[in-house]
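Here the structure comes first, spelled out in structure tokens, and everything after it is commentary.
The values are calculated or read from the model by the stated rules, or taken from the named source; none is laboratory data. What you see is a predicted model, and the numbers here were worked out from it, not measured in a lab. Cβ atoms come from the backbone with ideal geometry, glycine included; neighbour counts cover every protein chain shown. For accessibility, only protein heavy atoms count, side chains too; no ligands or nucleic acids. Shrake-Rupley method; radii C 1.70, N 1.55, O 1.52, S 1.80 Å.
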Amino acid sequence: MNELINAVDWSRAQFALTAIYHWLFVPLTLGLGVIVAVMETLYYRTRSEKWLATTKFWMTLFGVNFAIGVATGIIMEFEFGTNWSNYSWFVGDIFGAPLAIEGILAFFMESTFIAVMFFGWKRVSPKFHLAATWLTAIGASLSALWILVANAWMQDPVGCTFNPATMRNEMTSFWAVAASPMAVAKFFHTVLSAWTLGGAFVVGVSGWMLLKGRNRDHCMRSLKVGGWIGAIGIVLTMLTGDSSAVTVSERQPMKLAAMEGLYRGDNAQSIVAFGILNPAKTVDNDEDPYLFHISIPYGLSILANHDAQSFVPGINDVINGVSKDREGNLVNTVSYTERIARGKRAQDAVKNYEAASRTDDKRALDDINKTLQADFKYFGYGYLDKPQEAVPPVAMTFYTFHLMVTVGGYLLLFMLVALLFVYKPKLIEGKKWARWWYILSIITIPITYICSASGWIVAEVGRQPWAIQDLMPNKVAISNLSASYVQVTFWIFAVIFTALLIADVSILLTQISKKSKTDLDKVKL
């Protein structure tokens with residue numbers, strides 16, 4: 001048993017390592033792709049060589065980041081087969097479909113047009129080159145779409161049914177999978193947050209160049225596009241974050257409760273603006289959940305349900321199957337103890353299916369199918385020994401959620417100031433504190449990355465222990481591998497990914513420094 005637990009932990013750690021490193025490259029690719037396309041559009045409309053120079057400057061940085069980011073993404077997809085083969089077998093018919101579309105359509109689209117984007121300046125017309133640049137940016141977003149559809153299905157498994165004859169989940173509606181509320185919310189929230197990161201990157205690099213006194217006109221052009229894309233991105237990210245919260249409230253109430261460190265919910269539930277959790281608090285004791293907190297009245301009810309008087313369940317409420325209507329009357333839902341019992345009943349039905357099939361016992365098969373139809377949605381709970389196993393790491397989920405929200409508010413203010421600098425430069429240029437603004441813009445690049453990573457930690461850690469929500473916990477999803485084998489590959493990947501990250505940052509810094517020393521208002525094709 002200890003060997004199994006270690007294998008699960010190391011497999012999760014390896015996948016988390018790959019995902020974290022991969023996500024360092026993805027949002028910058030998505031954000032810079034749109035920014036470069038907008039810049040080239042301005043060049044195409046004005047035919048100004050200054051806009052051409054600015055476009056090519058940022059296009060180079062986009063290309064470096066894109067090339068290195070591809071490697072980590074490919075490795076992450078292979079890990080489903082190497083480390084999570086039980087998962088791949090159980091839902092491969094569903095999970096594999098969006099990933100196949102991503103590889104065949106979206107990635108093919110990116111890799112085709114990025115060649116034209118970089119090497120076609122003298123070989124194709126300006127209009128065709130502009131189309132290639134936009135298609136590269138769109139292809140990157142489509143690639144993200146299908147990967148996020150696959151991820152959203154893990155969080156909300158819809159459009160499928162379990163076939164006891166094959167022991168697999170099979171897709172019944174592709175559109176239910178592709179257009180689920182979870183997928184739609186996740187796609188827009190993720191991609192638009194990448195616009196924010198791309199904008200912060202452009203503003204930060206421009207701030208560094210202004211700090212060095214280099215290429216002011218280029219920096220002002222860059223700030224205009226980066227500031228607007230970043231500002232639009234953060235505003236829309238906040239709006240889509242609202243829809244994401246409603247979706248999570250409906251489909252993953254345990255995650256929402258963990259995001260707030262909420263153990264006992266209520267009607268007109270407040271939201272924590274700032275708080276420190278009590279580390280001694282568990283579902284089994286009556287300790288106060290917070291050592292200190294400042295809350296906003298009605299906030300969580302409004303966020304979760306768009307109803308200030310609605311009930312929001314806490315962790316204990318979800319476990320015990322307790323809810324309330326708008327008037328505060330008790331409403332019973334399915335407790336985790338009952339879910340475990342029904343999950344075990346569904347698993348027993350699956351075990352009995354093979355024997356009934358061999359004897360062609362139609363009555364038994366009918367009874368089994370009825371049981372599966374009634375109880376299969378709790379199938380994964382049958383692998384749990386106690387309800388507390390279904391509680392995610394509360395502290396990590398709580399703090400990363402509040403860090404994400406806090407930094408998001410800061411980024412909105414930052415982007416507005418960046419735009420103010422563009423349109424009212426005299427308010428900043430020449431002032432004693434201008435230097436500190438440039439430094440802050442540089443520091444904002446890693447701050448934005450922290451915000452972006454925090455969002456993913458909330459999404460993935462908050463749904464633990466599930467590989468597939470309610471259907472398959474992590475300990476059942478892994479391959480039959482020894483913990484020592486996974487440990488070795490973990491450290492190999494850690495070394496490789498760190499080397500790739502160092503190479504990426506090193507090349508980006510070299511290119512920024514080198515090109516910033518030239519006159520970027522003069523460029524030759």
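So the values come out like this:
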quantity: Restricting the stretch 125-146 to residues that are touching a residue at least 60 places away in the same chain (Cβ under 8 Å) and among the aliphatic types (A, V, I, L, M), the residue that is surrounded by the fewest Cβ atoms within 10 Å (Cβ to Cβ); calculated: 130
quantity: Residue ID - nearest to residue 244 (Cα to Cα), chosen from residues in the stretch 255-266 that are out of contact with any Pro (no Cβ under 8 Å at 6 or more places or on another chain) and open to solvent by less than 30 Å² (accessible area, probe 1.4 Å); calculated: 256
quantity: Subset tally (residues that are over 29 Å from residue 173 (Cα atoms), in a helix (DSSP H, G or I) and out of contact with any Lys or Arg (no Cβ under 9 Å at 6 or more places or on another chain)) for the stretch 95-136; calculated: 16
quantity: Condition check for residue 69: closer than 25 Å to residue 478 by Cβ, at pLDDT below 90 and in a helix (DSSP H, G or I); calculated: no
quantity: Failed item in (1) within 28 Å of residue 156 (Cβ to Cβ); (2) open to solvent by less than 10 Å² (accessible area, probe 1.4 Å), with residue 421 passing the rest; calculated: (1)
quantity: Residues being among the hydroxyl-bearing types (Ser, Thr, Tyr) and either modelled with pLDDT under 90 or closer than 14 Å to residue 299 by Cα (or both) - total across the stretch 249-281; calculated: 2
quantity: Any hit, the stretch 152-173, residues being in the same structural domain as residue 90 (by TED's automatic domain parsing), under 15 Å from residue 30 (Cβ atoms) and open to solvent by less than 60 Å² (accessible area, probe 1.4 Å); calculated: no
quantity: Top-ranked residue in the stretch 283-307 [being exposed (fewer than 15 other Cβ atoms within 10 Å of the Cβ) and in contact with a strand residue (DSSP E or B) (Cβ under 8 Å, 6 or more places away or on another chain); ranked as nearest to residue 268 (Cα to Cα)]; calculated: 296
quantity: Residue 508, sole failed condition from (1) under 27 Å from residue 51 (Cβ atoms); (2) among the aliphatic types (A, V, I, L, M); (3) free of Cβ contacts under 8 Å to residues at least 60 places away in the same chain; calculated: (3)
quantity: Breaking point among (1) touching an Asp or Glu at 6+ places or on another chain (Cβ under 9 Å); (2) open to solvent by 30 Å² or more (accessible area, probe 1.4 Å); (3) farther than 30 Å from residue 516 by Cα, for residue 43; calculated: (3)
quantity: Qualifying residue in the stretch 392-406 (condition: more than 30 Å from residue 230 (Cβ to Cβ) and part of a helix (DSSP H, G or I)); calculated: yes
quantity: Wholly within the stretch 258-370, helices (runs of 4 or more DSSP H) carrying at least 2 residues that are touching an Asp or Glu at 6+ places or on another chain (Cβ under 7 Å); calculated: 299-305, 336-358
quantity: Residues that are more than 9 Å from the chain's Cα centre (by Cα), in a helix (DSSP H, G or I) and not polar (S, T, N, Q), drawn from the stretch 451-474; calculated: 451, 461
quantity: Identity of the residue in the stretch 83-121, charged (D, E, K, R) and without any contact (Cβ under 8 Å) to a residue 60 or more places away in the chain, that ends up nearest to residue 32 (Cα to Cα); calculated: 110
